[in-house]
Amino acid sequence: MARPQVKRTPYSLVEAADLEARSAEIRQQDYEFVADDFITGLAALGVPIMNRDGRWVAALSITNLTDRFALDTQGVPVWLLAMQMATARLGGRMT
């Protein structure tokens, strides 16, 4: 964030304060879902993988066309729970 960021779409966050605030939200909710921020028409869901010690070691993400990403009534991706279960299993095998 030391350098200016490129605003690739109207939804791109590029200001340092906005990126810091969003990072805090991501840490709080423990996943990230974003649509149309890098390329209009694409969305992604990312979930951290924590090792047995609770340390972040990797991430699992999926990407799809924005209009094909199913969300529940609260706007949460329907694949979130399955991905969280998968990352828990993976993290439990990592040191």
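The values are calculated or read from the model by the stated rules, or taken from the named source; none is laboratory data. As the structure is a computational prediction, the values presented were derived from the model and not from experiment. Cβ atoms come from the backbone with ideal geometry, glycine included; neighbour counts cover every protein chain shown.
When both residues are 6+ apart or on different chains and their Cβ atoms are under 6 Å apart, which pairs have a first residue that lies in the range 6-25 and is on the phi < 0 side of the Ramachandran plot, and a second that is in a helix (DSSP H, G or I)?
Note: pairs meeting the criteria are Leu13/Leu19; Leu13/Arg22.
Take the residues in the range 1-51 that are in contact with a helix residue (DSSP H, G or I) (Cβ under 8 Å, 6 or more places away or on another chain) and small (Gly, Ala, Ser); name whichever of them is surrounded by the fewest Cβ atoms within 10 Å (Cβ to Cβ).
Per the criteria, the residue is Gly41.
Filter the range 26-51 for residues that are at pLDDT 95 or above and either among the polar types (S, T, N, Q) or assigned to a helix (DSSP H, G or I) (or both) and give the result.
Within the range 26-51, just Thr40 meets the criteria.
Tell me which residues, restricted to the range 69-95, are part of a loop (DSSP other than H, G, I, E, B), without any contact (Cβ under 8 Å) to a residue 24 or more places away in the chain and surrounded by 11 or more Cβ atoms within 10 Å (Cβ to Cβ).
Val78
For residues in the range 54-66 being free of Cβ contacts under 8 Å to residues at least 12 places away in the same chain and either of a type in the set (Gly, Ala, Ser) or not in a strand (DSSP E or B) (or both), which is surrounded by the fewest Cβ atoms within 10 Å (Cβ to Cβ)?
My answer is Gly54.
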